[in-house]
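Peer 1: Sending over a structure as structure tokens; questions will come in a sec.
The values are calculated or read from the model by the stated rules, or taken from the named source; none is laboratory data. In this text the structure is predicted, and so the values were computed from the model without any measurement. As a convention, Cβ positions derive from the backbone with ideal geometry for all residues, glycine included, and neighbour counts pool all protein chains shown. The accessibility values were calculated without ligands, DNA or RNA, using every heavy atom of the protein model including side chains. Shrake-Rupley method; radii C 1.70, N 1.55, O 1.52, S 1.80 Å.
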Amino acid sequence: MKLLFAAAEIFPYAKTGGLADVAQALPATLEKQIDVLSVMPLYDFIDREKFTLTAMNESFQITLGKDIYEISLFEGMNQGVRTLFVYEATLCDCVAPYGNKNGDYLSNDIRFGVFSKTVVILSQIFNIDVLHLNDWHTALAALWAKELLPELHVVFTIHNLAFQGYFPKESMERLGLREYYFTPEGIEFWGGMNCMKAGIAYSDVVTTVSPSYAKEILLPEFGCGLEGYLKVHSPKLHGILNGIDTILFDPLTDPALPKNYGPGKLANKKNNKILFCKEYVLKDTDKPLIVFIGRFTEQKGLDIIIEALPKLLTLKLNFVILGEGDEAMAEALKIASRNYDNFSIRFGYDESLSHRMYSAADFILMPSRFEPCGLNQLISLRYGTIPIVNDVGGLHDSVRDIDDTSSSICGQGIVLSKLSSNAIVRSAKRSLQFFADTKHFSKISKANMHCDVSFKDSAKSYLKLYGKTL
Ligand code: ADP
């Protein structure tokens with residue numbers, strides 16, 4: 001079986017979130033069993049020399065609507081996975097994959113149309129049996145595959161239904177898509193076109209990144225307007241929990257950490273916490289350290305954290321936030337940080353700092369309103385850091401409360417009783433009590449480090465689904 005795995009971002013070349021991690025880790029796991037090729041755009045900000053990317057002889061043109069686009073190909077190796085890079089000027093002339101500080105690029109319909117059509121052509125060139133598409137950026141490839149390569153088997157994974165690739169109707173013409181598709185059963189959505197719908201309708205199998213999210217997206221509360229459409233296609237919808245790359249995320253070897261540690265050497269985790277608190281001028285390193293790492297959005301519940309701050313920060317704890325996003329939220333955080341000496345923020349995206357935070361923290365806070373899977377809690381388990389989570393999606397599937405005795409296996413974290421600022425404060429108080437019980441705390445922290453958060457089991461589920469499509 002030969003697989004082509006297509007994504008708009010793959011770690012370490014380009015990463016805005018969990019998609020890049022998964023697009024690196026899943027192919028690397030699958031590669032041990034089947035022939036895998038990955039493909040992503042060669043954005044201008046990717047350092048070709050640093051990653052030893054070389055030009056291939058292959059180059060061709062594709063047509064979208066009235067326009068012709070020149071495609072050239074590059075390749076590199078990523079943790080044993082041969083990775084193709086698509087270069088085309090409209091697609092790759094950018095400072096970040098989807099947009100800049102002014103918002104999403106207006107040409108995203110064409111940019112990812114170019115990428116999606118190219119992916120289908122590559123499937124033909126490389127004799128691919130199964131094409132695995134990820135999120136709306138690649139979803140139109142499912143539609144073009146049905147037209148151009150009907151024998152190709154297509155799997156489409158929804159990583160986040162909140163981003164659907166919605167464009168005005170005129171984009172259909174620019175992309176050369178026939179009017180035939182512009183129906184509610186096709187890709188029409190509220191008078192415009194919706195790329196996500198193409199992935200759902202024209203793929204042989206649709207997956208999403210946790211079993212709970214697969215059920216939730218059939219409900220109006222989580223379906224982002226596509227719940228009815230997804231219900232129609234639900235016989236081919238599956239939920240498979242994400243994993244992480246346990247080699248890249250390994251506290252025993254992680255080069256970003258001042259001190260490495262494993263479940264038998266937790267003293268070094270404490271050292272990392274002391275160093276981190278000193279660096280961020282947080283006094284009293286004996287207090288529990290809670291962190292938040294992620295996008296400043298309502299999805300991640302950052303607005304609820306902000307509401308909770310005045311009560312939260314009067315507790316005996318230190319709190320550090322790393323992230324970027326909504327400017328009003330960033331401003332509110334800045335103001336709060338001036339008033340409390342147990343609260344620090346770092347704005348921006350910093351991979352190495354995030355690793356140090358996973359290792360230094362006692363707890364990670366994730367009050368997400370919805371969470372397709374969430375990787376932060378999986379990384380935290382690996383680093384012996386206790387997740388405090390809302391009970392949704394992949395968080396529900398990967399974290400049980402420490403007081404939940406329904407299974408003989410102990411729980412991994414603190415699960416919010418409901419989603420509100422008061423519930424966050426209550427969970428923080430519970431965390432303080434739990435932290436004070438040093439024996440229990442260290443037992444759970446060590447047990448968490450032994451959890452299997454790798455892609456091993458999930459890769460088996462994907463292989464089964466690939467096999468079904470053939
Ligand atoms: P998302 O919904 O943003 O994709 P996930 O939990 O699936 O969230 O994955 C987030 C990934 O991005 C994790 O690897 C996390 O450590 C990383 N991450 C998020 N924000 C930042 C940041 N500001 N700096 C560094 N890494 C970050």
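Peer 1: Taking the Cβ of THR246 as the centre, find all other residues whose Cβ is under 14 Å away and add up their charges (Lys, Arg: +1; Asp, Glu: -1).
Peer 2: Residues near THR246 contribute -3 overall.
Peer 1: Next question. Cα to Cα, under 13 Å, and not fewer than 8 places away if on the same chain: which aspartates and glutamates meet these conditions relative to LYS456?
Peer 2: By straight Cα distance, LYS456 reaches GLU31, ASP245.
Peer 1: What's the FRET efficiency of ASP250 with GLU147 using the Cβ-Cβ distance as r and R₀ = 45 Å, to the nearest 0.05? Please list the in-between numbers first.
Peer 2: Details: r = 44 Å, r/R0 = 0.98.
Plugging the Cβ-Cβ distance into 1/(1 + (r/R0)^6) gives 0.55.
Peer 1: Now a separate question. Give me the count of lysine pairs in the range 247-354 whose alpha carbons sit under 14 angstrom apart, restricted to pairs 8 or more positions apart or on different chains.
Peer 2: The result is 11.
Peer 1: Let me ask something else about it. I need the fraction of alpha carbon pairs in the range 136-266 separated by more than 21 Å, rounded to a whole percent. Don't skip to the end; give the middle numbers.
Peer 2: Working: 4187 of 8515 pairs.
Of the Cα pairs, 49 percent sit more than 21 Å apart.
Peer 1: Determine the principal axes of the Cα atoms in the range 303-346, then give the extent along each, sorted from largest to smallest and rounded to whole angstroms.
Peer 2: Per principal axis, max minus min of the Cα coordinates gives 28, 18, 14 Å.
Peer 1: So if each residue of separation counts as 0.36 nm, and I subtract the Cα-Cα distance between GLN433 and GLU170, what length gain in nm does that give?
Peer 2: Values: separation 263, 0.36 × 263 = 94.68 nm, distance 5.79 nm.
Between GLN433 and GLU170, full extension yields 88.9 nm more.
Peer 1: Within the chain, what whole-number % of the accessible surface is contributed by carbon and sulfur, with the 1.4 Å probe and all protein chains included in the calculation? Each step should come with its number before you reach the end.
Peer 2: On the way: 10220 of 19310 Å².
Carbon plus sulfur share of accessible area: 53 percent.
Peer 1: Show me, for the range 37-46, the HN-Hα J-couplings you get by feeding each phi into the Karplus relation (A = 6.51, B = -1.76, C = 1.60, θ = phi - 60°), rounded to Hz, glycine and proline as x.
Peer 2: So the J values, rounded to whole Hz, are 10, 10, 8, 8, x, 9, 4, 4, 7, 7.
Peer 1: Take every Cα-Cα distance within the range 213-330, group them into 10 Å bins from 0 onward, and report for each bin the whole-number percent of pairs it holds.
Peer 2: That works out to 11, 24, 29, 22, 12, 1, in percent per bin.
Peer 1: Moving on. How big is the shadow of the Cα convex hull of the range 239-287, averaged over all directions, in nm²?
Peer 2: Numbers: hull surface 20.3 nm².
Orientation-averaged projected area of the Cα hull: 5.1 nm².
Peer 1: For the range 88-158, compute Rh as the Kirkwood radius over C-alpha pairs and then the Stokes-Einstein diffusion coefficient at 25 °C and 0.890 mPa s; write the answer in µm²/s, rounded to an integer. Don't skip to the answer; put the middle values down first.
Peer 2: Values: Rh = 12.8 Å.
Here the translational diffusion coefficient equals 192 µm²/s.
Peer 1: What is the ratio of the Cα radius of gyration of the range 318-470 to 2.2 N^0.38 Å, with N the residue count, to two decimals?
Peer 2: 1.15
Peer 1: To continue, here is another question. Quick one: if you take sqrt(5λ) for each eigenvalue of the C-alpha gyration tensor of the chain, what semi-axes come out, biggest first, whole angstrom? Before the final figure, lay out each step's value.
Peer 2: Working: eigenvalues 304, 105, 96 Å².
After diagonalising the Cα gyration tensor, the semi-axes are 39, 23, 22 Å.
Peer 1: Could you list which residues have their amide H under 5 Å from that of HIS238, counting only those 5 or more apart in sequence or on another chain, with H placed in the peptide plane?
Peer 2: Correct list: VAL206, THR207, THR208.
Peer 1: Further question: Counting other C-beta atoms within 10 Å, and keeping those with at most 10, which DSSP coil trypsin sites (Lys or Arg not before Pro) do you find in the range 383-470? Write down the numbers at each step before the final one.
Peer 2: Values: sites: ARG400, LYS418, ARG426, LYS429, ARG430, LYS439, LYS443, LYS446, LYS456, LYS460, LYS464, LYS468; in loops: ARG400, LYS418.
Sparse-neighbourhood loop trypsin sites (Lys or Arg not before Pro): LYS418.
Peer 1: If you don't mind, there's one more thing I want to ask. Give me the one-decimal nm value for the distance between modelled label points at SER406 and GLU327, 7 Å along each residue's Cα-to-Cβ direction.
Peer 2: 4.5
Peer 1: Over the chain, give the accessible area per residue in Å² for a 1.4 Å probe, as an integer. Intermediate values should be presented prior to the final figure.
Peer 2: Values: 19310 Å² over 470 residues.
Per residue, the chain has an accessible area of 41 Å².
Peer 1: When only Cα pairs under 8 Å and 6 or more residues apart are kept, what is the percent relative contact order across the chain? Could you put the intermediate results ahead of the total?
Peer 2: Working: 933 pairs, mean separation 58.4, N = 470.
With pairs under 8 Å counted, the relative contact order is 12 percent.
Peer 1: Figure the gain on full extension for HIS233 and GLU179 (residue separation times 0.36 nm, minus the Cα-Cα span) and round it to one decimal in nm. Spell out each step's value before the answer.
Peer 2: Details: separation 54, 0.36 × 54 = 19.44 nm, distance 2.18 nm.
17.3 nm is the gain from fully extending HIS233 to GLU179.
Peer 1: Right, here's the next one. I need the calculated FRET efficiency for the pair LYS468 and LYS101, taking r as the beta carbon distance and R₀ as 35 Å, to the nearest 0.05. Display every interim value, and only then the final one.
Peer 2: Values: r = 44 Å, r/R0 = 1.25.
My answer for the efficiency is 0.20.
Peer 1: Moving to a separate point now. Given contacts defined as C-alpha pairs under 8 Å and at least six residues apart, what's the relative contact order of the range 1-147, whole-number percent?
Peer 2: Details: 262 pairs, mean separation 40.4, N = 147.
Answer for the range 1-147 is 27 percent.
Peer 1: Please list the non-local residues whose amide H lies under 5 Å from the amide H of LYS2, H modeled 1.01 Å from N, same-chain partners needing a gap of 5 or more.
Peer 2: It is ASP129, VAL130, by chain and number.
Peer 1: In percent, what relative contact order does the range 104-155 have, based on Cα pairs under 8 Å that are 6 or more apart in sequence? Intermediate values should be presented prior to the final figure.
Peer 2: Details: 47 pairs, mean separation 20.8, N = 52.
Reported relative contact order: 40 percent.
Peer 1: On to the next question. Compute the semi-axes of the equivalent ellipsoid of the range 180-229, taking the square root of 5 times each eigenvalue of the Cα gyration tensor, and list them largest first in whole Å. Could you put the intermediate results ahead of the total?
Peer 2: Numbers: eigenvalues 84, 36, 10 Å².
Square roots of five times the eigenvalues give 21, 13, 7 Å.
Peer 1: Could you check the spin-label model distance between GLU298 and PHE347? Points 7 Å from the Cα along Cα→Cβ, value in nm.
Peer 2: Here the answer is 2.2 nm between the modelled labels.
Peer 1: Here's something else I'd like to know. Can you compute the modelled spin-label distance between THR54 and LYS265, with each label point 7 Å from Cα toward Cβ, in nm?
Peer 2: Going by the 7 Å Cα→Cβ label model, 3.7 nm.
Peer 1: Something else now. Once every DSSP H run of n ≥ 4 in the chain is given -39500 (n - 2.57) and the sum is divided by its residues, what mean residue ellipticity at 222 nm do you get, rounded to the nearest 500 deg cm²/dmol? All intermediate terms of the calculation are to be shown ahead of the outcome.
Peer 2: Working: 17 runs with 177 residues, N = 470.
Theoretical 222 nm ellipticity from helices: -11000 deg cm²/dmol.
Peer 1: Okay, moving on. About its Cα centre, what dipole magnitude does the chain give when the only charges are +1 on Lys and Arg Cβ and -1 on Asp and Glu Cβ, stated in debye to the nearest 20?
Peer 2: Numbers: 48 positive and 54 negative charges, 359 e Å.
Dipole of the chain, to the nearest 20 debye: 1720 debye.
Peer 1: A follow-up question, please. Can you list the lysines whose alpha carbon sits under 22 Å from that of LYS236, skipping same-chain ones fewer than 8 residues off?
Peer 2: Excluding near neighbours in sequence, the set is LYS2, LYS146, LYS197, LYS215, LYS460, LYS464, LYS468.
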